[in-house]
């Protein structure tokens, strides 16, 4: 939202980001500028060497107009003038964009998502002024980010960058026209066609058997990937309360995921929804059930009591002995690569998920049930990804048609 003109003061107000009402201290007024309340006035100063945001803040009890006046005074304060980043620096553009979103009362999840994209883009582009952003530098940043995030996340980063630059354009920040043109021109890296490099079940079991001692949880994670077909981010997001124990078999409920995030925003991001935005339940085999029982027994012996239902199964116990701190998917991928390399296996951890689906389809499992188990939005996605498994599954159909047409 572009900054608006304050007719009483003859200058732009700070509606787009630096004044936030914490509570009302008087009756509601028709003129919002005369509303009595307690206001927080914040001027962003960028980030320190550790990536932690720095702000110059004051609290004001009075009218909104008075809080705006205070914000203008704070902007002119020597402390701000000396420390505040130039408004044309991309980091300043992002800080003002987040401040605008806070004023608009966006949800915490939305703010976290935008901050994640901001931190990722700053990590890839470095300390750059918006006028120096080119299509070539953006394409290089996209390629760098594309090595560790999905194409959908990359498109989200681009949309967030565009939104921040459009907000800066409304604030008359120099260089935004050229930067927006670069965003429109820069090409995202092409999405590679899926070519599965599947391990065998024996290969996966070999890796699991080698995971002992400090890598014990890596073995459990691989066992869950093989037995459920869940995504790595969903497995590290599993909590003990997500396991339903039934005489007919244990059921794992997939309800959340833990995503990788830059260290500047904590390293992990817990999202209370799956990639497909739909919870699902998966009945597991006895081998996976035994692996969970072993870990549950070990955790109970360690704590002296059964773990909390909201504690994580794949938990970083060095950080929180109660198990409320999950590991990042990056940790899981590194652990897999370490163990797989020692075993002479070159595939990815995600290929264990592909193996799960391929085995089911090759054995004749219905595509809709496999799609539901894998968390795909549609069976069409399952068929497009796992077409390589269909010929084997189709042999049974050939035998059926042979009987129907020949009567034999």
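Just so it is clear, none of the values below were taken in a lab; they were calculated from the coordinates. Quantities reported herein were computed from a predicted structural model and do not represent experimental measurements. Positions of Cβ are backbone-derived with ideal geometry, glycine not excepted, and every protein chain shown enters the neighbour counts.
A few remarks follow.
- Once the C-beta distance of residue 359 and residue 23 is scaled by a Förster radius of 56 Å, the resulting FRET efficiency is 0.45 to the nearest 0.05.
- For q = 0.15 Å⁻¹, Debye-computed log10 I/I(0) when each Cα of the stretch 88-192 counts as one equal scatterer: -0.57
- Going from the residue with the fewest nearby Cβ atoms within 10 Å to the one with the most, 177, 215 rank 177, 215.
- Gain in span if fully extended, residue 278 to residue 294, counting 0.36 nm per residue against the direct Cα distance: 2.9 nm
- Inter-label distance for residue 286 and residue 400, nm, one decimal - labels placed 7 Å from Cα along Cα-to-Cβ: 3.0 nm
- Simple spin-label estimate for residue 33 and residue 149 gives 4.0 nm between the two label positions (7 Å along the Cα-to-Cβ direction from each Cα).
- Inter-probe distance in nm under a simple model that places probes 7 Å from Cα toward Cβ, at residue 73 and residue 216: 6.1 nm
- Once the chain from residue 381 to residue 306 is taken as fully extended at 0.36 nm per residue, the excess over their C-alpha distance is 23.0 nm.
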